[in-house]
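Below: one structure, written as structure tokens.
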Amino acid sequence: MCNIAEIYNSSIGKKQIVAVTGLMLVLFVIGHLAGNLFIYGGPDVYNAYAKKLAGLRPGLYVVEFGLLAVFLTHIHVTSLLVLENIRARGERYAVYHPVGNRSFATRLMAISGTIVLAFVIWHLLDFTFIEHTGPRSILGDGKSYGLYGVVFNAFADPLHSVLYVIAMLAVGMHLSHGVQSFMQTFGFDHPYYTPLIQKFSNIFACLVTIAYSSMPVYVLLKA
Ligand code: HEM
């Protein structure tokens, strides 16, 4: 019978853990995007959504704790796989130097993943762990607009917005290759459906990147 320790100790098991936690994070990214699109409804609509979400506490703490555990597991197990790869490559390098699409894609995943990690830490400090009715929520008319004001003020700063869009590109790149890795890990390989799913994952990642990036761009144009 299969147990967690067995999965964790094998390479394929680790890849499966990364794939499943990655899928959970994709679901969060979709849900989070849907919620944040309420920004287009204006301050009342956006703040009402944030209030409704906050009203789900203390149950929401459990979900957030679960999300954190999934995120940390994804990073930890990915790091173990990277170390395994480096060690294996060190042994192989004595014989030959493998260069190809796969190692390029893996390197892109490492770079985009690191940018996403840095972004999430910055993002939490930016929007979550700050006072939602404090000075950063006050707009041009001197009134506090709650969380809407915090997000609006952040994106009204061009540098802030440009950094967000760069982070969203990294999120998109990580997503598109992540979906393809997921299929590979679970051995899904079909002459017709595999290229189709690859195309779908690229389109999906582009849509997520465009939809997230549209928010800083919209605020910049409105400010
Ligand atoms: C334009 C893009 C985005 C906007 C406007 C946005 C907005 C927000 C806001 C306002 C919060 C604080 C919610 C609260 O404290 O009530 C938040 C939290 C969070 N965001 Fe984002 N976000 C964006 C993109 C992203 C992306 C791409 C990710 C993941 C890669 C992400 C991950 C998170 C996480 C993990 C939290 C904390 C959990 C939570 O409070 O639900 N965000 N975001």
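Just need the relative contact order of the chain here, percent rounded to a whole number, with Cα pairs under 8 Å and 6+ apart.
So the answer I get is 24 percent.
Which of the peptides 70-81, 33-44 is most tightly packed, and how do the rest follow, going by the mean number of other Cβ atoms within 10 Å of each residue?
70-81, 33-44
Subtracting the Cα-Cα distance from 0.36 nm times the residue separation, let me have the gained length for Leu60 to His160 in nm, one decimal.
This chain segment gains 33.2 nm when fully extended.
What distance in nm separates the simple spin-label points at Ala88 and Ile7, each placed 7 Å from Cα in the Cβ direction?
The modelled label-to-label distance comes out at 2.0 nm.
Output the 0 to 90 degree angle, nearest 10, between the alpha-carbon long axis of helix 158-185 and the longest principal axis computed from the alpha carbons of the chain.
Roughly 30 degrees between the two axes.
Excluding residues fewer than 8 places away in the same chain, name every one of the lysines whose C-alpha is closer than 30 Å to that of Lys143.
Lys51, Lys52, Lys222
Report the extension gain between Thr128 and Ile203 in nm, rounded to one decimal, defined as 0.36 nm multiplied by the number of residues separating them, less their alpha carbon distance.
24.0 nm
About its Cα centre, what dipole magnitude does the stretch 9-222 give when the only charges are +1 on Lys and Arg Cβ and -1 on Asp and Glu Cβ, stated in debye to the nearest 20?
360
Rounded, prolate or oblate: which fits the stretch 9-222 when a ≥ b ≥ c are the square roots of the eigenvalues of the alpha-carbon gyration tensor, with rounded for a/c under 1.5 and prolate only if a/b beats b/c?
It comes out prolate by the Cα gyration axes.
For a quick check: sort Ser214, Ser112, Ser181 by the number of other beta carbons within 10 angstrom, fewest at the front.
In increasing order of surrounding Cβ atoms, one gets Ser214, Ser181, Ser112.
Starting from the amide H of Ile138, placed 1.01 Å from N in the peptide plane, find each other amide H under 5 Å away whose residue is 5 or more places distant or on another chain.
Tyr145
Along the stretch 116-124, what does the Karplus equation 6.51 cos²θ - 1.76 cosθ + 1.60 (θ = phi - 60°) give for ³J(HN,Hα), rounded to whole Hz, x for Gly and Pro?
Per-residue couplings from phi come out as 4, 4, 4, 4, 4, 4, 4, 4, 5 Hz.
Within straight cross-link reach of Lys15, meaning Cα distance under 18 Å, which aspartates and glutamates are found once same-chain residues fewer than 8 apart are removed?
Glu6, Glu84, Asp189
What is the order of Lys14, Lys51, fewest Cβ neighbours within 10 Å to most?
Neighbour counts put them in this order, fewest first: Lys51, Lys14.
Calculate how steeply helix 193-222 sits against the longest principal axis of the alpha-carbon atoms of the chain, using the helix alpha-carbon long axis, and give the answer as 0 to 90 degrees to the nearest 10.
That helix lies at roughly 30 degrees to the long axis.
For the stretch 10-21, just list the computed ³J(HN,Hα) in residue order, Karplus coefficients 6.51, -1.76 and 1.60, θ = phi - 60°, integers in Hz, with x standing in for Gly and Pro.
9, 4, 5, x, 4, 4, 5, 4, 4, 5, 5, 5
Output wanted: per-residue J couplings in Hz (rounded whole) for the stretch 131-146, from phi through Karplus 6.51 cos²θ - 1.76 cosθ + 1.60, θ = phi - 60°, x for Gly and Pro.
5, 7, 10, x, x, 6, 9, 8, 9, x, 7, x, 9, 7, 10, x
Throughout, read-outs are computed from the coordinates displayed, never taken from laboratory work. Model, not experiment: these values are computed from the prediction. Every residue, glycine among them, receives a Cβ derived from its backbone with ideal geometry; neighbour counts consider all protein chains shown.
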